[in-house]
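See below for the structure under consideration.
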Amino acid sequence: MASESPFFDLRRGGSGIEEGSEEWREMCLKVREAGETHGYFLLMCDDVPNDLREEMFKQINTLFELPLQTKMKYKKPKLFRSYNRRNPITPFYEGFGIDDAHLDDEAESFTKTFWPEGNPKFCETLKSMSSKMLGVGYLVLKMIMAGYGIPNYASGAERMTCTSDFKLLKYILPVGSSDETEVTMISHTDKGCISILYDNDVQGLQMLTNSGEWIDIKIPKGGFAIIIGDILKAWSNGRLHAATHRVALNKEKLRYSFGLFPMVKEDMEIKVPNELVDDQHPLRYRPFIYRDFLSHYIATRNPESIDVFAGIQMSKENLISAKDDEFPLRVTRARAKILGSKSLGEGIPPYPSRSFKNEPKNKLRVNSKRVASDDINTCNVAPAGLQHKRRTVLTDVTNIRGESYDKCFNTSKLQARVHKKNITKVASGVSTENTSSKDDLGVKLDEELSSKRVVESHDNITAVTFDDKEPAEHCMSNSIREGVIADNTLSMQGSVKSDELMISPNKEIDMICEKLAASDCLAIVDIDLELKLKDPLVWSSYAPDIYKKTRVTEVERKPLTNYMEKLQKDISPSMRAILIDWLVEVTEEYKLVPDTLYLTVNLIDRYLSASLIQKQRLQLLGVTCMLIAS
Ligand SMILES: O=C(O)CCC(=O)C(=O)O
Ligand SMILES: [Fe+2]
């Protein structure tokens with residue numbers, strides 16, 4: 001079905017296409033159109049010579065052929081940038097993610113990880129390929145932006161390519177696989193600007209079409225697949241389509257691919273240009289900082305993260321409530337802040353404002369106590385003495401500014417540290433002999449994966465599921481896909497899926513990763529060691545990885561401090577404050593221990609960091625969290 005893919009031939013050959021010429025502008029319009037209709041296209045250009053491409057595959061092969069223990073030396077503090085070995089969760093591929101591989105230092109340091117005495121051919125090939133692909137990214141972004149008539153398109157494209165992740169991937173199905181096609185990388189959208197992909201002529205990349213079918217993409221020899229990512233979709237006000245794609249392989253094929261994911265700097269603000277907002281295209285995405293989007297995605301793993309996080313169109317839930325209220329859209333504080341009065345006049349139809357006072361009384365009142373999802377006016381009628389009494393019992397619970405949460409978090413960090421100290425003490429007795437045998441077993445297990453079908457392991461993963469949108473016929477791999485969405489997606493973007501994931505969500509996570517990388521989790525006593533030596537199928541060699549992931553997840557999943565402004569549309573800080581005051585009362589009434597209350601608040605904040613909620617459901621969320629916490 002490769003014939004359905006839009007294709008552009010930018011090889012200069014005879015006459016050449018001069019930037020700014022009539023022909024070039026026409027081409028820009030077509031590129032833009034392909035991005036809008038399909039979200040991807042194929043491209044041939046002169047920028048990457050064929051012999052460099054051949055050499056790159058040779059070098060990639062050399063790299064992946066290294067012993068597992070050598071490959072595992074590549075550890076990076078940034079999330080999902082280390083060597084991603086095959087494992088029960090991502091059994092069909094392994095990969096490396098390299099930041100800014102076009103820079104001398106980065107390419108050299110990556111090379112020296114595997115060849116301490118140097119490997120000039122590898123280093124040169126990596127650097128040169130990465131820099132040429134970055135050039136292709138710049139060219140494509142320029143064309144897309146010029147296609148929209150953005151006057152300063154060149155500097156815009158430059159900002160979107162100022163950093164990059166270069167991903168090297170090897171896919172292989174185990175010997176003896178059935179004839180069925182196996183999904184080797186789950187479906188996802190890339191979280192960066194664009195992705196530029198090459199493969200070794202072993203087909204595998206598939207795109208989800210607008211009609212919901214998966215089609216095979218044949219990347220032309222010497223050409224690339226270009227895929228629009230979530231950031232470009234948001235930048236373009238939703239006009240460009242971020243294509244959902246995946247990799248599926250037929251049995252016993254070895255597929256290598258490498259991809260360059262040009263990215264903006266983490267602290268860059270992504271903002272729809274004025275040129276892309278008009279009556280037909282009202283503003284659909286608010287401005288946001290790239291790093292915040294990544295943090296949100298990492299915390300929620302929501303494939304539609306970009307819309308949930310930055311989209312300003314109404315969610316289905318809000319549409320229903322708006323319909324009930326008989327007006328189409330309400331200006332929330334956060335929305336007003338984002339849009340400002342000027343943009344309201346420009347792109348978004350003005351929405352009627354109304355006073356909360358006129359709203360029907362909340363039906364969820366309990367014992368005539370204050371209602372959680374009321375507004376600040378209602379709050380004011382609460383007896384001051386009572387309020388004062390409640391607050392003195394459990395101070396600092398109503399942390400509108402997130403201060404008390406930070407305190408809680410610091411306390412738990414402190415506890416974690418104390419705990420870790422204890423563990424380290426115990427672990428100091430672990431001999432290096434134990435450690436190496438643990439590694440050997442890990443290596444052995446990994447090697448087993450290449451000769452053994454790992455499908456049976458899927459069962460172990462099915463419990464960790466997300467909403468499955470894959471067609472039923474792919475359900476065999478769905479169980480993997482769901483559980484893996486974070487890792488894969490992340491790592492993808494690494495291929496990142498982690499395109500996105502390539503980017504570190506915040507310094508705290510970086511620090512933890514750094515510490516973990518340094519300690520290599522050896523602080524864990526391997527209580528299964530004996531058992532493992534007897535039974536190589538025991539998976540306790542994954543304990544350090546699981547521990548490592550748990551530590552990272554702990555930070556990733558912590559609540560956002562700014563979810564009211566960034567995500568919530570229907571509730572305000574004062575509503576949260578009222579909810580928590582009410583929960584304090586419930587805590588006292590039912591003589592719950594203070595920890596239950598603290599955990600309840602934490603659960604509420606984590607939920608609100610990830611999901612939109614209607615104010616009518618806020619109190620329900622509160623009691624549900626309390627039930628879970630107790
Ligand atoms: O290997 C491929 O062709 C696709 C890789 C991919 O989609 C990714 O890394 O995000
Ligand atoms: Fe991808």
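Derivation of every value follows stated rules applied to the coordinates shown; laboratory data play no part. Nothing here was measured: the structure is a model prediction, and the numbers come from that model. Cβ coordinates were reconstructed from backbone atoms using ideal geometry, including for glycine residues, and neighbour counts include every protein chain displayed.
In terms of the mean number of neighbouring beta-carbon atoms within 10 Å, the peptides 61-73, 233-245 order highest first as 233-245, 61-73.
Averaging 1/r across all pairs of distinct Cα atoms in region 16-77 and inverting the result yields a Kirkwood radius of 15.6 Å.
Would you mind getting me the FRET efficiency between Glu22 and Ala154? Use the beta-carbon distance for r and R0 = 22 Å, nearest 0.05. The value I calculate is 0.75. Of the residues Val175, Val623, Val183, Val601, the one with the fewest other Cβ atoms within 10 Å heads the list, and the complete ranking is Val175, Val623, Val183, Val601. The gain in end-to-end length when the Thr62 to Lys112 segment is fully stretched comes to 16.6 nm, 0.36 nm per residue minus the alpha carbon separation. Sketch the reach of a paramagnetic label on Leu620 as a point 7 Å from Cα along Cα-to-Cβ, and name the residues of region 561-597 whose backbone nitrogen lies under 19 Å away. Those under the cut-off are 568-572, 575-576, 579-580, 583. With a Förster radius of 51 Å applied to the C-beta separation of Ser630 and Thr209, the computed FRET efficiency comes to 0.60.
One chain, two ends: Lys121 and Val202. Fully extended at 0.36 nm per residue, the span grows by 26.7 nm beyond their Cα-Cα distance. The string of couplings for region 264-280 from the Karplus curve (6.51, -1.76, 1.60, θ = phi - 60°) is 7, 5, 4, 8, 6, 8, 9, 9, 5, x, 3, 4, 9, 10, 8, 4, 6 Hz, one whole number per residue in order, with x for Gly and Pro.
Mind checking the dipole of region 49-183: about its Cα centre, +1 per Lys or Arg Cβ, -1 per Asp or Glu Cβ, Debye to the nearest 20?
Numbers: 18 positive and 18 negative charges, 70 e Å.
So the dipole magnitude of region 49-183 works out to roughly 340 debye.
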